[in-house]
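Just below is one structure, and these are the notes that go with it.
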Amino acid sequence: MTTPDHPSPASQPPVPAGKDRIYRSPLGLAGGALLLLVVLWLGFDALFKGDGRTPWLALAGLILVVPLILAFTLRPAVFANEERLRVRNPFRVISLPWGEVAGLRSGYTNEVLAKSGGKYQLWAIPVSLRARKKAARRQQRAAADAARGGTPGGRGGLGPSGLGLGGFALRGPDTGPARADTDKVMDDLRELLDQHGTAEPAQSEVGVRWAYEVVAPAVAGAVLLAILLATG
C-alpha cells in the first residue's frame with residue numbers, strides 16, 4: 001500500500017505541456033472492458049425487467065460497482081516526461097517531479113519512492129511473476145546458444161521487440177538480457193530519472209489529488225444500497 005501525502009490543491013504544480021510517455025496495462029484494459037460490459041448487461045436487465053425492489057437494488061449496485069470497475073481497471077495509467085512522473089491510481093493522482101523521486105522499486109509490485117518518504121504503487125504497471133520466469137528461461141536459452149557459438153536471441157538473431165505497456169518501442173530491438181515487459185518499463189523510467197533527476201525543470205513539489213469523481217459516486221451507491229437493504 002502507499003503512504004499518502006496531503007498538500008493543498010492550490011500548491012500542486014501544473015502538469016507540463018511536454019509530450020508524455022503513457023504506460024497502461026493492456027490486460028487490465030481488456031479485463032475491465034469485459035467486466036464492465038457484463039455488469040451493465042446484468043444491471044440494466046434487472047433495472048428494466050425486475051419487479052418490486054429489484055430495480056432500485058440494481059440501480060444502487062450499478063452506482064456502486066461501475067465506478068470501482070473503472071477505477072481499478074480502466075483508470076490506472078503512468079505518464080512520464082522530462083520533468084515529472086504522474087501516476088494515476090484508482091483513487092489518487094500523484095505528480096512527482098524527477099527531482100523529488102528517490103528511486104523506483106520492483107518486487108511483487110512496482111513502486112515509486114519519494115524523497116519525502118512517500119511510497120506510491122504503480123497500478124498501471126503490474127508485476128507478472130510468470131512473465132519474469134519466461135524471460136529468465138529465454139535468457140538461459142540465449143546464454144546456452146552463445147556458449148555453443150550460436151546467435152543470441154533465438155531464430156533469426158533478433159531478440160524481443162522491446163515494446164512497453166504503452167504499445168511503443170522503449171529501446172528498439174532488445175539485444176541485452178531478456179526482461180519481462182513491465183521490468184522493461186521500469187528500466188525506462190529509471191533511465192528518465194537518471195537523465196533528468198537533477199535538471200532544473202524537474203525541481204518542484206510533490207502533488208497529490210484525490211479522485212472525488214470516483215469516490216463520490218461509489219460512496220453514494222454504497223449508502224443507497226445500505227438503506228435499501230436495511231429497509232427491506
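The values are calculated or read from the model by the stated rules, or taken from the named source; none is laboratory data. Everything numeric here is computed off the predicted structure, so don't read it as measured data. A quick note on method: Cβ atoms are made from the backbone with ideal geometry, for glycine too, and the neighbour counts reach across all protein chains shown. Heavy atoms of the whole protein, side chains included, go into the accessibility calculation; ligands, DNA and RNA do not. Shrake-Rupley method; radii C 1.70, N 1.55, O 1.52, S 1.80 Å.
Couple of notes before you dig in:
- Residue check for Lys133: surrounded by fewer than 13 Cβ atoms within 10 Å (Cβ to Cβ) and either more than 30 Å from Leu70 (Cα to Cα) or at pLDDT 65 or above (or both): yes
- Once region 196-211 is narrowed to residues that are in contact (Cβ under 8 Å) with a residue 40 or more places away in the chain and part of a helix (DSSP H, G or I), the residue that is nearest to Ser116 (Cα to Cα) is Ala202.
- Tally, over region 65-86, of residues that are within 15 Å of Tyr23 (Cα to Cα), touching a helix residue (DSSP H, G or I) at 6+ places or on another chain (Cβ under 7 Å) and among the β-branched types (Val, Ile, Thr): 1
- Flag if Gly153 is modelled with pLDDT under 70, small (Gly, Ala, Ser) and open to solvent by 40 Å² or more (accessible area, probe 1.4 Å): no
- Of residues in region 36-54 being open to solvent by less than 100 Å² (accessible area, probe 1.4 Å) and part of a loop (DSSP other than H, G, I, E, B), the one farthest from Leu64 (Cα to Cα): Gly52
- Any hit, region 57-65, residues being within 23 Å of the chain's Cα centre (by Cα), open to solvent by 40 Å² or more (accessible area, probe 1.4 Å) and within 25 Å of Asn110 (Cβ to Cβ): no
- Pairs with Cβ under 6 Å, 6+ apart, first in region 93-106 and touching a residue at least 24 places away in the same chain (Cβ under 8 Å), second among the polar types (S, T, N, Q): Pro97/Ser204; Gly99/Gln203
- Region 81-114: number of residues that are open to solvent by less than 20 Å² (accessible area, probe 1.4 Å), under 16 Å from the mean Cα position of the chain (by Cα) and among the aromatic types (Phe, Trp, Tyr): 0
- Residues of region 106-121 satisfying the condition of being modelled with pLDDT of 90 or more, touching a helix residue (DSSP H, G or I) at 6+ places or on another chain (Cβ under 9 Å) and either part of a helix (DSSP H, G or I) or more than 20 Å from Glu205 (Cβ to Cβ) (or both): Asn110
- The single condition among (1) of a type outside the set (Ser, Thr, Tyr); (2) in contact with a strand residue (DSSP E or B) (Cβ under 9 Å, 6 or more places away or on another chain); (3) touching a residue at least 12 places away in the same chain (Cβ under 8 Å) that Leu74 does not meet is (2).
- Ala124 being open to solvent by less than 20 Å² (accessible area, probe 1.4 Å), in contact (Cβ under 8 Å) with a residue 40 or more places away in the chain and assigned to a loop (DSSP other than H, G, I, E, B): yes
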